[in-house]
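Coordinate-derived values only; no laboratory data. All values derive from a computational prediction rather than experimental measurement. For neighbour counting, all protein chains shown are included, and Cβ atoms are generated from backbone atoms with ideal geometry for every residue, glycine included.
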Amino acid sequence: MTTTLKNTATLINVSLGNWEGVKKAENIAGWMLIFSACVDTLMSLDFTFNQGGFSLYIITAAHLILLPVLSIAVVVVGINTPVSDELKSKQISHNDETSSSQVMTSERAHEITSLLDSKIRQDRLYLDPELTLSKLTRKLGIPAKKISIAVNQVHEKNISKIINGYRIEHAKHSLDLSQDTITQIFMNSGFQTKSNFNREFSRVVGMTPSEYRKSKAQQSK
């Protein structure tokens, strides 16, 4: 699966547009823990064979690397996790843990994704820059894990990319029909940052928003 069930639990309150950045931060934090273990091993070897002669240098170098990287990772995860959803997410997580088997039939998976698509389009949920899996769970009344499993099974993508797909379509429509600036368009389409908008737009459309607008203008001549 594109997104594991463990990731679903940890990302449930993260804005869907920021999933990729948060996952990268978590991965970096994990590698830093491995690095820390290597430092401990190096320290043990230094005390065994050199009476700790290089321990001060090892600790100093490790802290210079670890502290900034871990601080950035914690900040990235922290600022993208809405505190207001914390208590509700605990109840959702509990419901998920007691939900039925993780294996889902194709019929049920398509039923869930159909309900998801209808709700997203009807309520234009993708325009909410703070949309999270937790919010989708409450609106659909379906556990987060089941939504994640269904989306991965049917679309072979995680829910973040699905939501960003709706946002890109909205942005393309605005680029076609309005004279709004690209900054106005990405903000009105549910994206939080221009860099994320440009990256996702290029991934989905194959060109930047500026290039897309220029190509459409040339086609209309």
- Note on the structure: Rounded to two decimals, the Debye log10 I(q)/I(0) of segment 164-219 (Cα scatterers, no solvent) at q = 0.18, 0.30 Å⁻¹ is -0.48, -1.42
- Going from the fewest other Cβ atoms within 10 Å to the most, one would list R199, R121, R213 as R121, R199, R213
- Query: Under the Karplus relation 6.51 cos²θ - 1.76 cosθ + 1.60, θ = phi - 60°, what is the ordered set of whole-Hz ³J(HN,Hα) values for segment 199-214, x standing for Gly and Pro?
  - Reply: 5, 5, 4, 5, 5, 7, 8, x, 7, 6, x, 5, 5, 5, 4, 5
- In whole Hz, with x marking every Gly and Pro, tabulate ³J(HN,Hα) for segment 134-148 from phi via Karplus 6.51 cos²θ - 1.76 cosθ + 1.60, θ = phi - 60°. 4, 5, 4, 4, 5, 6, 8, x, 10, x, 4, 4, 5, 4, 4
